[in-house]
Amino acid sequence: MEHSSSGEAGKKNLFQLAWPIFADMSLRVLTGTVNIFMVSQLSALYVASMTPGNQLFSLSIVIFNFIGIGTCVVIAQMLGSGEFRNIKKIIHCAFGFNIVLGTAVLLAVLIFSGQILDLMQIDREIRDGAGTYMLILAFSLVPEACGICAASVLRAYGRTKEAMYSSLTANIITVISNLLLLFGFFGLPMLGLAGAAISVVLGRLASLLMILYFYRKRVGIKLRLGFMFRVNTGFIRRILRIGLPAAGENLAWNFQFMVATAFIASMGNYELATHTYYFQTICMFMMLFAVSIGSATEIMVAFHIGAGNYELVYRRLIRSLKIGLAGSLIIATIMACGFSGMLLDLFSNHSPQVAELAAPLILLSVMMEPGRAFNVIVINSLRAANDASFPMIMAILSMWCVAVPLEYFLGISMQMGLLGVWIAFTCDEWIRGISMYFRWKTRIWQRKSMNVSRETMLRQV
């Protein structure tokens, strides 16, 4: 039963893999969006108070995801090459690693929450609420770390719908819990931000139970706690060869985003609230199309790299990139034509300050999103083709030598405020996007994949 679905990733087309990923990520974004919407009915400053916790949660997801990314790529390559016998060991290594990481991050937040708030320059007016929200939210980290592993394994097998169902479960539980704990329905006490954080924790726990059920049903490999903490350096190295550069790239982005948020926090609470509204609702929604195309392409590329179909891999990326660029441009244009304004009015209780600050950001997104599509789609394929280091190096150079200095120069020195920071984001996306495309055209990834294939064969001899 374990490998009855081993050919799914190779048999399914881009659409069959991508649409459940799109739905899954939309539902994940919706979890945060639902929280922001419900909290915004109480106070715009409450929304600003959620920013440190939400950013910490996003950063933690990046940390856990580097194991998930490496696991998904390695398993898909093994399925493509017919290397079935080591998959069970890879899965147990991944779960054990992420459980340790999740516990470590949870303890770090519990011990250093005050220092984190200081680092992000959180205003005294919202500090207490921000601290409470962040501390409670931290208890969702270990369940999320485990859920990411299970979802990554399922995706490697071409089973992308199951993660979507687990995210739907999380949303239902989060909404119901918010009604009970945030607003105090049925006579329960109104817990405010604490209630919103508890709702997320309950939602993530329910999501974990659902994804583990699907993992057991679709993959059929039993998880044994004792096996998770047996150190196998060969398999860990294989996961980390893909996952660590992905983590480096994503951490570089998240840390520079935290620096940008600190710049924005120094501009005022309405700038910070607008930044949160725009990123968590409008921006996240617009990037989902490209991310889903990139993730689906990554699965297909990894499978065919394992099978040695390099010419097919090259053409697959080019086709996916054309689809991603066109779709991202269309979605951003539709949002800029008025739909974004309606969403912001809904979420910000028709705040004139938020509407004024967000209007130029929405127009800027028409330029930004195609650049982001370059990044997401090509970077995912480079990782799947064993060329993971170049995206990390370019990320560090572009973000910290271009984006962060530009954020400060345009946003603070030139007094362009929030718009200046987001112009810097746009420049970074296009610089990295173009460089990723030319890297793919060199076919260096093909030589790297051939070397990895030879190493694997030698180890098996």
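Among all residue pairs at least 6 apart or on different chains, which show Cβ distances below 7 Å where the first residue, located in segment 21-41, is at positive phi and free of Cβ contacts under 8 Å to residues at least 60 places away in the same chain and the second is open to solvent by less than 20 Å² (accessible area, probe 1.4 Å) and basic (Lys, Arg)? Sorted first by the residue in segment 21-41, then by its partner, the list stays empty.
Taken over segment 431-450, the criterion of being crowded, with 18+ Cβ neighbours inside 10 Å and either closer than 21 Å to residue 267 by Cα or of a type in the set (A, V, I, L, M, F, W, C) (or both) is satisfied by 431, 436, 440, 445. The set of residues in segment 36-76 being open to solvent by less than 30 Å² (accessible area, probe 1.4 Å), polar (S, T, N, Q) and closer than 24 Å to residue 251 by Cβ consists of 51, 54, 55, 60, 71. Residues of segment 1-35 that are at pLDDT 70 or above, assigned to a helix (DSSP H, G or I) and open to solvent by 70 Å² or more (accessible area, probe 1.4 Å): 15, 16, 19, 28, 30. Open to solvent by 60 Å² or more (accessible area, probe 1.4 Å), outside any loop (DSSP other than H, G, I, E, B), more than 15 Å from residue 156 (Cβ to Cβ) and modelled with pLDDT under 85, is that true of residue 85? Against the criterion (open to solvent by 60 Å² or more (accessible area, probe 1.4 Å), outside any loop (DSSP other than H, G, I, E, B), more than 15 Å from residue 156 (Cβ to Cβ) and modelled with pLDDT under 85), residue 85 does not qualify. Being out of contact with any strand residue (DSSP E or B) (no Cβ under 9 Å at 6 or more places or on another chain) and not in a helix (DSSP H, G or I) is a condition met by no residue of segment 54-70. Would you confirm whether any residue within segment 418-431 is touching a residue at least 60 places away in the same chain (Cβ under 8 Å) and more than 16 Å from residue 368 (Cβ to Cβ)? No - not one qualifying residue is present in segment 418-431. Are any of the residues in segment 280-289 hydroxyl-bearing (Ser, Thr, Tyr), open to solvent by less than 20 Å² (accessible area, probe 1.4 Å) and under 30 Å from residue 47 (Cβ atoms)? Yes: segment 280-289 contains one or more residues that are hydroxyl-bearing (Ser, Thr, Tyr), open to solvent by less than 20 Å² (accessible area, probe 1.4 Å) and under 30 Å from residue 47 (Cβ atoms). Taking the criterion of being among the polar types (S, T, N, Q), in a helix (DSSP H, G or I) and either modelled with pLDDT under 90 or closer than 30 Å to residue 268 by Cβ (or both), the residues of segment 101-143 that qualify are 113, 115, 132, 140. Taking segment 351-429 as the region of interest, the helices (runs of 4 or more DSSP H) fully inside it that hold 3 or more residues being open to solvent by less than 50 Å² (accessible area, probe 1.4 Å) and closer than 30 Å to residue 315 by Cα are 352-384, 389-398.
Just one of (1) of a type outside the set (D, E, K, R); (2) open to solvent by 10 Å² or more (accessible area, probe 1.4 Å); (3) under 30 Å from residue 380 (Cα atoms) fails for residue 115. It is (3). Just one of the listed residues (188, 202, 180, 193) is farther than 30 Å from residue 383 by Cβ and open to solvent by less than 20 Å² (accessible area, probe 1.4 Å), namely 193.
The values are calculated or read from the model by the stated rules, or taken from the named source; none is laboratory data. Remember, it's a predicted structure, so these values are computed and weren't measured experimentally. So basically every Cβ, Gly included, is an ideal-geometry build from the backbone, and we count neighbours across all protein chains shown. Heavy atoms of the whole protein, side chains included, go into the accessibility calculation; ligands, DNA and RNA do not. Shrake-Rupley method; radii C 1.70, N 1.55, O 1.52, S 1.80 Å.
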